[in-house]
Amino acid sequence: MVTEPTKRSSAKMSPVGKAKLRLEIALASLEEVLKEKVAIAPEADDLGKHLDTAKREIADLQKKNLTIATRLDKAIEKMKVITGD
């Protein structure tokens, strides 16, 4: 970040010097953002793993649901045959 002495001295700088200072400040800001993103990356990776696990569990539950629904339909049809409905 820019400190007070830097602000005062920038008033005396040439346009090239001022541009260079602005570039350095922007670069420092980008580096800070990058550090934050890198720190968040492991959390995002964990979220991705949890999402993959959840998707597999959902697929497994959908298969089980289909199996149960099929068995129930067959049982209902047998009951209808037995009761004459």
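Would you be able to say whether some residue in segment 41-50 is surrounded by 10 or more Cβ atoms within 10 Å (Cβ to Cβ), acidic (Asp, Glu), in a helix (DSSP H, G or I) and at pLDDT 95 or above? Taking every residue of segment 41-50 in turn, none turns out to be surrounded by 10 or more Cβ atoms within 10 Å (Cβ to Cβ), acidic (Asp, Glu), in a helix (DSSP H, G or I) and at pLDDT 95 or above. Looking across ILE68, ILE82, one residue alone is on the phi < 0 side of the Ramachandran plot, surrounded by 10 or more Cβ atoms within 10 Å (Cβ to Cβ), of a type in the set (A, V, I, L, M) and part of a helix (DSSP H, G or I). It is ILE68.
The values are calculated or read from the model by the stated rules, or taken from the named source; none is laboratory data. Note that this is a predicted model, so its numbers are computed, not measured. Reconstructed Cβ throughout: ideal geometry from the backbone, glycine too, with neighbour counts over all protein chains shown.
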